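Undergrad: Below is a structure I'd like to ask you about.
The values are calculated or read from the model by the stated rules, or taken from the named source; none is laboratory data. Fair warning: this is a prediction, and the values are worked out from it, not measured in the lab. Note that each Cβ is placed from the backbone with ideal geometry, even for glycine, and that neighbours are counted across all protein chains shown.
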Amino acid sequence: MKVTRLPDVEPRPRRVAVGTFDGVHLGHREVIRGADTVVTFEPHPIAVIQPSAAPRLLTDSARKAQLIASLGVQELVVIPFDAEFAARSAQDFLDHVLVGTLRATHVAVGENFRFGHRAEGDTAMLRADGRFQTRVAKLVEIDGEIVSSSHIRGLVLGGAVEYAGRLLGDPYTLAGAVAHGDERGRELGYPTANIVPDPAFVTPGHGVYAARATTSTGATYAAAVSIGVRPTFETGRGELIEAYLLDFAGNLYDSRLALAFFKRLRGEKRFDSVDALIEQMARDVDAARAIYGRDAA
């Protein structure tokens, strides 16, 4: 899939889907269905319009592009969203972005899509424009709940990664650089790759998870992942993501590691002794291996 910034777009007829698409969840996928080009915004528009209300994101730009590419889209057009772009009218967006630059013949959006200065543009305005055909995708509901990025953020924050993955269509995934730590896991017989959470993105709630780890080389491993503050030890460190990669030997320091979360195994717990912690870690690893074998494919 080709990734293009709006100023660099080559003129050609396009079937476009437009949206922020954080998470590329099942609702987003219904909007994208049938499009050859996806148009999105970076950064998230709320981060520019009302920074104090900016949400923690489900996907970084690389993950978003990866998910959109998996849907068979030919091109991802990224609109650099800043105060100047936010001030453009809805009519200007129609005339100069959708028609003038993208040459859209078909436009797909979700039914709650708004655009232009002060969100003055809506689906009715799109449908009234005869220069392209408009498809408005209905909001997707599962178990009586509308599938939305905000709902999924709440699920992930609460540790409900298995259900979040169902709404996303893929396991919730986060990535980061492996940092040096206290090497406490090595001392316990379970050396971990440590990632410091990025506050711009959603981190699953404290606890232990079964996951898939993908290294910067593309190799994948079952992983038992602990997220929390290490209550059994006085470390002085803040929140940390610690991933034990099963059957891995090597050094991951300063490389990028992606973690796809399958299931929460248990909550964060303080143990009375190091031996009790090690026994529980062994059970966590066995459970992670079993779930990886079931879900990784």
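Undergrad: Filter the stretch 156-202 down to the residues that are of a type in the set (Val, Ile, Thr) and outside any loop (DSSP other than H, G, I, E, B), then identify the one that is modelled with the lowest pLDDT.
TA: Within the stretch 156-202, the subset of a type in the set (Val, Ile, Thr) is 156, 161, 173, 178, 192, 195-196, 202.
The next check asks that each one be outside any loop (DSSP other than H, G, I, E, B); those that pass are 156, 161, 173, 195.
Numbers: Val156: 98, Val161: 98, Thr173: 98, Ile195: 94.
Top of the filtered list is Ile195.
Undergrad: Also, quick follow-up: If you go through the stretch 27-38 one residue at a time, do you hit one that is surrounded by fewer than 18 Cβ atoms within 10 Å (Cβ to Cβ), in contact (Cβ under 8 Å) with a residue 12 or more places away in the chain and touching an Asp or Glu at 6+ places or on another chain (Cβ under 8 Å)?
TA: Among the residues of the stretch 27-38, at least one is surrounded by fewer than 18 Cβ atoms within 10 Å (Cβ to Cβ), in contact (Cβ under 8 Å) with a residue 12 or more places away in the chain and touching an Asp or Glu at 6+ places or on another chain (Cβ under 8 Å), which makes the answer yes.
Undergrad: Just for the stretch 39-89: of the residues that are more than 20 Å from Val107 (Cβ to Cβ) and among the β-branched types (Val, Ile, Thr), which one is nearest to the chain's Cα centre (by Cα)?
TA: Among them, the one singled out is Thr59.
Undergrad: Quick one: which residue in Arg118, Arg131, Arg127 is over 17 Å from Gly19 (Cβ atoms), of a type in the set (Lys, Arg) and not in a loop (DSSP other than H, G, I, E, B)?
TA: Values: Arg131 fails: not in a loop (DSSP other than H, G, I, E, B); Arg127 fails: over 17 Å from Gly19 (Cβ atoms).
Going through Arg118, Arg131, Arg127 in turn, the sole match is Arg118.
Undergrad: Can you find, within the stretch 79-101, the residue that is farthest from Ala47 (Cα to Cα) among those that are hydrophobic (A, V, I, L, M, F, W, C) and in contact with a Leu (Cβ under 8 Å, 6 or more places away or on another chain)?
TA: Of all residues in the stretch 79-101, those hydrophobic (A, V, I, L, M, F, W, C) come to 79, 81, 83, 85-87, 90, 93-94, 97-99.
Add one more test, that the residue is in contact with a Leu (Cβ under 8 Å, 6 or more places away or on another chain), and what stays is 79, 94, 97.
Details: Ile79: 14, Leu94: 23, Val97: 21 Å.
That would be Leu94.
Undergrad: Residue under question is Gly23, and the condition is that it be of a type in the set (Gly, Ala, Ser) and under 23 Å from Val161 (Cα atoms); does it hold?
TA: yes
Undergrad: Which condition number in (1) closer than 18 Å to His25 by Cβ; (2) of a type outside the set (Lys, Arg); (3) surrounded by fewer than 18 Cβ atoms within 10 Å (Cβ to Cβ) is the one that Ser149 fails?
TA: (3)
Undergrad: What is the one condition in (1) surrounded by fewer than 21 Cβ atoms within 10 Å (Cβ to Cβ); (2) more than 17 Å from the chain's Cα centre (by Cα); (3) over 22 Å from Asp170 (Cα atoms) that Val3 does not satisfy?
TA: Among (1) surrounded by fewer than 21 Cβ atoms within 10 Å (Cβ to Cβ); (2) more than 17 Å from the chain's Cα centre (by Cα); (3) over 22 Å from Asp170 (Cα atoms), Val3 violates only (3).
Undergrad: Now for a different question. Among the numbered criteria (1) crowded, with 16+ Cβ neighbours inside 10 Å; (2) free of Cβ contacts under 8 Å to residues at least 40 places away in the same chain; (3) closer than 26 Å to Ala175 by Cβ, which single criterion is violated by Ala54?
TA: Only one criterion is unmet by Ala54, namely (1).
Undergrad: Right, another one. For the stretch 251-297, how many residues are part of a helix (DSSP H, G or I) and of a type in the set (S, T, N, Q)?
TA: So in the stretch 251-297, the residues part of a helix (DSSP H, G or I) come out as 274-295.
Of the ones still in play, those that are also of a type in the set (S, T, N, Q) are 280.
Result for the stretch 251-297: 1.
Undergrad: Of the conditions (1) touching a Ser or Thr at 6+ places or on another chain (Cβ under 9 Å); (2) touching a residue at least 40 places away in the same chain (Cβ under 8 Å); (3) assigned to a strand (DSSP E or B), Lys64 clears all except one; give me its number.
TA: (3)
Undergrad: Another question, if that's okay. Report, ordered by the first and then the second residue, all pairs with beta carbons closer than 7 Å, sequence separation of six or more or different chains, a first member in the stretch 268-297 that is touching a residue at least 24 places away in the same chain (Cβ under 8 Å) and surrounded by fewer than 15 Cβ atoms within 10 Å (Cβ to Cβ), and a second member that is in a helix (DSSP H, G or I) and of a type in the set (Phe, Trp, Tyr).
TA: From residues that are touching a residue at least 24 places away in the same chain (Cβ under 8 Å) and surrounded by fewer than 15 Cβ atoms within 10 Å (Cβ to Cβ), there are no pairs.
Undergrad: Looking at the stretch 133-153, can you tell me whether even one residue there is of a type in the set (Lys, Arg) and more than 30 Å from Asp198 (Cβ to Cβ)? First the steps, then the outcome.
TA: From the stretch 133-153, those of a type in the set (Lys, Arg) are 135, 138, 153; that's our starting set.
Going one step further and asking which of them are more than 30 Å from Asp198 (Cβ to Cβ), we end up with 135, 138.
Yes: one or more hits.
Undergrad: Return a yes/no flag: does the stretch 90-97 have any residue that is crowded, with 19+ Cβ neighbours inside 10 Å, without any contact (Cβ under 8 Å) to a residue 40 or more places away in the chain and either under 27 Å from the mean Cα position of the chain (by Cα) or in a loop (DSSP other than H, G, I, E, B) (or both). Even if it seems obvious, please write down each step before you answer.
TA: To start, the set of residues in the stretch 90-97 that are crowded, with 19+ Cβ neighbours inside 10 Å comprises 93-94, 97.
Filter again for without any contact (Cβ under 8 Å) to a residue 40 or more places away in the chain, leaving 93-94.
Checking the rest, the ones that are also either under 27 Å from the mean Cα position of the chain (by Cα) or in a loop (DSSP other than H, G, I, E, B) (or both) come to 93.
Yes - at least one qualifying residue is present in the stretch 90-97.
Undergrad: Separate question: What pairs come out if I take residues in the stretch 121-140 that are buried (at least 18 other Cβ atoms within 10 Å of the Cβ) and pair them with residues that are acidic (Asp, Glu) and in a helix (DSSP H, G or I) whose C-beta lies under 9 Å away, six or more apart or interchain?
TA: Ala137/Glu30; Val140/Glu30
Undergrad: Within the stretch 104-118, how many residues turn out to be of a type in the set (S, T, N, Q) and more than 20 Å from Val24 (Cβ to Cβ)?
TA: Pass one, the stretch 104-118, residues of a type in the set (S, T, N, Q): 105, 112.
Those still in the list that are more than 20 Å from Val24 (Cβ to Cβ) too: 105.
The qualifying residues number 1.
Undergrad: Working carefully through the options Ala90, Ala86, find the one that is in contact with an Asp or Glu (Cβ under 6 Å, 6 or more places away or on another chain) and closer than 25 Å to Ala54 by Cα.
TA: Details: Ala86 fails: in contact with an Asp or Glu (Cβ under 6 Å, 6 or more places away or on another chain).
Result: Ala90 is the single residue among Ala90, Ala86 that is in contact with an Asp or Glu (Cβ under 6 Å, 6 or more places away or on another chain) and closer than 25 Å to Ala54 by Cα.
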